[in-house]
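Report on one structure; see the data block that follows.
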Amino acid sequence: MGNDTGLFFRVRENGAVVFRVDTENRQRRLELQQIAVVNIRNGNVKPQGDQFPTAAERNEIDAWIVARRKLLAARKIDDIKRAIDHLNETAQWVQSDATDEQIDAFTDELLMAMHDLRSVLVRKKSNILLKG
């Protein structure tokens, strides 16, 4: 780590803006100095301006990328499990509480999305079985 407080990662959609945290200044206040922009998808780290991450900071950035990718993968699985719950809750709501007008408002769109998902799942599962 470059200093006692290390780096701060301002998360954004495709990665983060990386700041060096500076507390060693005359005013003893917290200062953030932008040093890089990280692209989580391809792992690119672009230095900003005349600021370049030190080797220790680069190691911290690389570790953050690995941890962030793991977190996002776990969230994706959680989102899928929630989608299953939502589908089950939707089926129960349609069966017990939905009005004809409510059902008519979303049926075509939902059936198309479910058909698309089923097609992709069947194709992927078939490929898995053929490999195994």
Looking at segment 15-37, which of its residues are at pLDDT below 95 and either on the phi > 0 side of the Ramachandran plot or not in a strand (DSSP E or B) (or both)?
T23, E24, N25, R26, Q27, R28, R29, L30
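One line per residue, one yes/no per condition, for (1) assigned to a helix (DSSP H, G or I); (2) under 23 Å from F8 (Cβ atoms); (3) of a type in the set (A, V, I, L, M, F, W, C):
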position: N59; (1), (2), (3): yes, yes, no
position: A63; (1), (2), (3): yes, yes, yes
position: A74; (1), (2), (3): yes, yes, yes
position: K81; (1), (2), (3): yes, no, no
Output yes when any residue across segment 38-55 is part of a helix (DSSP H, G or I) and over 19 Å from the mean Cα position of the chain (by Cα), and no when none is.
yes
Residues that are free of Cβ contacts under 8 Å to residues at least 60 places away in the same chain, exposed (fewer than 10 other Cβ atoms within 10 Å of the Cβ), at positive phi and of a type in the set (G, A, S): does segment 2-10 have at least one?
no
Test T54 against the stated conditions and say whether it is surrounded by 12 or more Cβ atoms within 10 Å (Cβ to Cβ) and not assigned by TED's automatic domain parsing to the domain that holds A16.
no
Test: D79 is modelled with pLDDT under 95 and either among the hydrophobic types (A, V, I, L, M, F, W, C) or outside the structural domain of M112 (by TED's automatic domain parsing) (or both)
no
For segment 89-109, check the following and say yes or no: at least one residue is assigned by TED's automatic domain parsing to the domain that holds N14, under 19 Å from F8 (Cα atoms), part of a helix (DSSP H, G or I) and at pLDDT 95 or above.
no
For residues that are surrounded by fewer than 12 Cβ atoms within 10 Å (Cβ to Cβ) and either out of contact with any Asp or Glu (no Cβ under 8 Å at 6 or more places or on another chain) or in contact (Cβ under 8 Å) with a residue 60 or more places away in the chain (or both), tally how many sit in segment 25-51.
9
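The values are calculated or read from the model by the stated rules, or taken from the named source; none is laboratory data. The shown structure was predicted, so the numbers you read here are calculated from the model rather than taken from an experiment. For neighbour counting, all protein chains shown are included, and Cβ atoms are generated from backbone atoms with ideal geometry for every residue, glycine included.
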